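Worksheet: one structure, shown below.
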Amino acid sequence: MYLKSIKISNFRNFTSLRTDFYPRTNVFFGQNGSGKTNLLEAIFVLCLGRSHRSASDAIIINQDANFYRIEGEIVKKSEGVQSLSVAFEKGGRKKITLNKVPLKVAELYKNFSAVIVNPEDSNIISGPPSVRRTFIDIYLAQYSQDYLRTLVDYQKILAQKNAALKKEIDPTPFSELLIEYGVSIMIKRIEFLEEIKDATSGYYHQISGGDDLCFQYKPSVNFNEGMVSKNDIKEAFESCLAKNREREKIVKTSLVGPHRDELYFSINNLPAREFGSQGEWRTAALSLKMAVYHLLRRKRKLNPLLLLDEIFAELDQKRAESLMQSFDNLGQLFLTTAVKPPEFLKRDSRNYQIEKGKIIDII
């Protein structure tokens, strides 16, 4: 799978842009604020219908417009060239079409795949638990269509339960459904995280020059790490809900379930959030995303688009070149850099210079 071309209207600082892409490595360089990151975000929105920054559609519209539209030609071996578009108008609903046929957001996850790495990813390690849950949800939804459907159902029931708690209505009927969907979510999270655990550690060991990275899934429902049967997790969920029933009535919100899950990282056996440096956080997040990329590639039997935003900013040349070598045979890459691309990035690549939301040169 690769992105052949893109046309952007009124997205962030792009008022109008159309360009073709190289099937291998595409490097975008320009000063900070030129639009490099916004271009990667537009590609991500085209593939998955949402911003990787968790920004709302209204926010990503150009400030001088009332709509945005992203169109692209995506090539897949099985289907050939496909025309995809994502558009949103203020006060309206998002419109997605594939070959001019309306498509739901969930169907994007089924048809296309993208992994993005950016400086903000350090928040996956150092930020609040919600950032880690968002990371899991975005990429596990690409790994499993069942997960995406279950997550949507869970979020609807969670909203209904919280509304009942606020109105002091018995939330028990909603709790029963919350358990049903929540157990499935936790089982999928266990499976997904187990699949990427070793690869994440391996990438970190390679890029950092020998340091160790580990992570551990900590669901809000207390059960033993090896206890992954549906019935056992269901019983643990029911017990945890019962213990927190009165407290939930007092605080008027649901305190138990996957929406409260956590993921703990450690670097060289020390808590990464408390003791890690900015460089270690970024390297850990990069390792995590590369592990996800390989899992999706293997699971889906296609190459996801790989979007790399300023990943070399805190790596010396030796580590940067080592990292680039690991990208061999990965499919189409999109990279950004604030300086003119170094020689090792010019091999088998096309280079674009961006300035004020426009591509002013292609090398």
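The values are calculated or read from the model by the stated rules, or taken from the named source; none is laboratory data. All figures in this text were calculated on a predicted structure; none of them were measured in a lab. Here Cβ is always computed from backbone atoms with ideal geometry, including for glycine, and neighbour counts include all displayed protein chains. With ligands, DNA and RNA removed, areas are computed over all heavy atoms of the protein, side chains included. Shrake-Rupley method; radii C 1.70, N 1.55, O 1.52, S 1.80 Å.
Would you mind computing, in nm to one decimal, how far apart the modelled labels at Thr97 and Asn244 are, each placed 7 Å from Cα along Cα→Cβ?
Once both label points are built, they end up 4.5 nm from each other.
Using Cα atoms only, what is the angle between the long axis of helix 278-300 and the major principal axis of the chain, expressed in degrees (0 to 90) to the nearest 10?
90
Stokes-Einstein D for the stretch 141-186 at 20 °C, 1.002 mPa s, Kirkwood Rh over Cα pairs, in µm²/s? Kindly include the intermediate steps, with their values, before the conclusion.
On the way: Rh = 10.9 Å.
Estimated via Stokes-Einstein, D reaches 196 µm²/s.
Based on the Kirkwood radius over alpha-carbon pairs, what value in µm²/s does the Stokes-Einstein equation return for the translational diffusion coefficient of the stretch 56-133 at 25 °C and 0.890 mPa s? Show your work: numbers first, answer last.
Working: Rh = 15.0 Å.
It comes out at roughly 164 µm²/s.
Can you tell me the 0 to 90 degree angle between the C-alpha axis of helix 145-166 and the longest principal axis of the chain, rounded to 10?
Relative to the chain, helix 145-166 is tipped by roughly 50 degrees.
On average over all directions, what projected area in square nanometres does the chain have, based on the convex hull of its Cα atoms? Can you show the working numbers first?
Details: hull surface 76.6 nm².
For the chain, the mean projected area of the Cα convex hull comes to 19.1 nm².
Tell me, in nm to one decimal, what length is gained between Ala159 and Asp64 on full extension, where the rule is 0.36 nm per residue of separation less the Cα-Cα distance? Don't skip to the answer; put the middle values down first.
On the way: separation 95, 0.36 × 95 = 34.20 nm, distance 3.44 nm.
Length gained, Ala159 through Asp64: 30.8 nm.
What accessible surface, in Å², does a 1.4 Å probe find on Glu310, ignoring ligands, DNA and RNA and rounding to the nearest 10?
My reading of the accessible area for Glu310 is about 30 Å².
Taking the Cα centre of each part, how many Å lie between the stretch 197-276 and the stretch 10-51?
Spelled out, the Cα-based centre of one part sits 34 Å from the other.
With every protein chain kept in place and ligands, DNA and RNA left out, what is the accessible area per residue of the chain? Probe 1.4 Å, answer in Å².
On a per-residue basis, the chain sits at 47 Å².
Tally up the carbon and sulfur contribution to the accessible surface of the chain as a whole percent, 1.4 Å probe, everything protein left in place.
Numbers: 8220 of 17150 Å².
That share works out to 48 percent.
Longest span of the chain, sites excluded, free of trypsin sites (Lys or Arg not before Pro) in DSSP loop with at most 10 other C-beta atoms within 10 Å? Please report the intermediate quantities before stating the final value.
Numbers: sites that count: Lys77, Arg93, Lys100, Lys167, Lys301, Arg347.
The answer is 168-300.
Once you keep just the Cα pairs under 8 angstrom separated by 6 or more residues, what percentage relative contact order results for the stretch 49-196? It would help to have the intermediate numbers written out before the result.
Working: 126 pairs, mean separation 19.0, N = 148.
Relative contact order, the stretch 49-196: 13 percent.
Could you sort Leu177, Leu288 by their accessible area in this structure, using a 1.4 Å probe and putting the largest first? Mind dumping the intermediate values first?
Working: Leu177 65, Leu288 0 Å².
From most accessible down to least: Leu177, Leu288.
Taking a spot 7 Å from the Cα of Leu302 along the direction of its beta carbon, which residues of the stretch 86-117 have an amide N less than 12 Å from it?
Correct set: 107-114.
Compute the long axis of helix 172-208 from its Cα atoms, compare it with the longest principal axis of the Cα atoms of the chain, and write down the angle in degrees, 0 to 90, nearest 10.
In the chain, helix 172-208 runs at an angle near 40 degrees to the longest axis.
Compute a Gaussian network model of the chain, connecting alpha carbons closer than 10 Å, and tell me which residue from Ala55, Ala87, Ala338 fluctuates the most.
In the Gaussian network model the winner is Ala55.
For the chain, calculate the relative contact order in percent as a whole number, restricting contacts to Cα pairs under 8 Å that are 6 or more residues apart.
Details: 627 pairs, mean separation 97.5, N = 363.
So the answer I get is 27 percent.
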